[in-house]
1. Within the range 114-123, which residues are exposed (fewer than 14 other Cβ atoms within 10 Å of the Cβ) and part of a helix (DSSP H, G or I)?
2. Report every pair of residues separated by at least 6 positions or lying on different chains whose Cβ atoms are under 8 Å apart, first residue within the range 168-184 and under 15 Å from A49 (Cβ atoms), second open to solvent by 70 Å² or more (accessible area, probe 1.4 Å).
3. Yes or no: E102 open to solvent by 60 Å² or more (accessible area, probe 1.4 Å) and in contact with a Phe, Trp or Tyr (Cβ under 7 Å, 6 or more places away or on another chain)?
4. If D45 passes every condition in (1) modelled with pLDDT of 95 or more; (2) within 14 Å of P154 (Cα to Cα) but one, which one does it miss?
5. Filter the range 140-180 down to residues that are over 15 Å from E34 (Cα atoms), in a helix (DSSP H, G or I) and open to solvent by less than 20 Å² (accessible area, probe 1.4 Å), then give me how many there are.
6. Of all residues in the range 130-139, which are in a helix (DSSP H, G or I) and surrounded by fewer than 20 Cβ atoms within 10 Å (Cβ to Cβ)?
7. If you take the residues in the range 49-107 that are basic (K, R) and part of a helix (DSSP H, G or I), which one is nearest to the chain's Cα centre (by Cα)?
8. Could you tell me whether L29 is modelled with pLDDT of 95 or more, of a type in the set (A, V, I, L, M) and closer than 30 Å to A185 by Cα?
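The values are calculated or read from the model by the stated rules, or taken from the named source; none is laboratory data. Please read all numbers here as calculations on a predicted model, not as lab measurements. A quick note on method: Cβ atoms are made from the backbone with ideal geometry, for glycine too, and the neighbour counts reach across all protein chains shown. Surface accessibility is based on the protein's heavy atoms, side chains included, excluding ligands, DNA and RNA. Shrake-Rupley method; radii C 1.70, N 1.55, O 1.52, S 1.80 Å.
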Amino acid sequence: MSDSSAASPSAAAVSAASVPASSRPAVVLDVWCELQCPDCRAALDDLRALRERYGDRLELRLRHFPLEKHKHAFAAAQAAEEALEQGKGWPYVEAVLGRVEELDRGGEPFLVAVAGEIGLDAEEFDTALIDGRHILIVDADQAEGKAIGVTGTPTYVIGGERLDGGKSQEGLRERVEEIADRLLAEQQ
């Protein structure tokens, strides 16, 4: 890369130092997830631990990668987007992932019921699933995921590095922490 900031780390450090820490961008962890995926449910503990450790210094971004083998995954991704729009994206994701078997059996009515259980506008959820207002976001995430080599869920991308959690969760949180710590230190 021949970008001038990469060639001059001191310029980047000076520029970062002149911006208050509270307004610096957080390190971003893209979480390619599917709400009908048992492996994604298993990853919740790691995601909670990362949120607890880093707070707002690590931005967890939900990215959708519905797998064809799960018939309700595409609707669940749209529902998660509606939850994000209504201000409770991660609580909704955690509630649905915590009950993957119920999603398998209940489909869209289950997704709407969970929305009501956590205080979201369930009627608006139902309408969003019918009118498909979030389809383009889900499609775009899936296309981007395929373009960068995502093949299963969960997959994490942080600092330009893709970490595949679909094969194994072993050591992934530690690797994410190692990369996040390095990126945060570079911001100081």
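1. Across the range 114-123, the qualifying residues are G116, E117, E123.
2. From residues that are under 15 Å from A49 (Cβ atoms), the pairs are E177/R53; A180/R57.
3. In short, yes.
4. In the conditions (1) modelled with pLDDT of 95 or more; (2) within 14 Å of P154 (Cα to Cα), D45 misses (1) alone.
5. Residues flagged as over 15 Å from E34 (Cα atoms), in a helix (DSSP H, G or I) and open to solvent by less than 20 Å² (accessible area, probe 1.4 Å) within the range 140-180 amount to 4.
6. Once the filter is applied, which keeps residues that are in a helix (DSSP H, G or I) and surrounded by fewer than 20 Cβ atoms within 10 Å (Cβ to Cβ), the range 130-139 yields I130, D131, I135, L136, I137, D139.
7. Of everything passing the filter in the range 49-107, R51 is nearest to the chain's Cα centre (by Cα).
8. Here the answer is yes, as L29 does meet what is asked.
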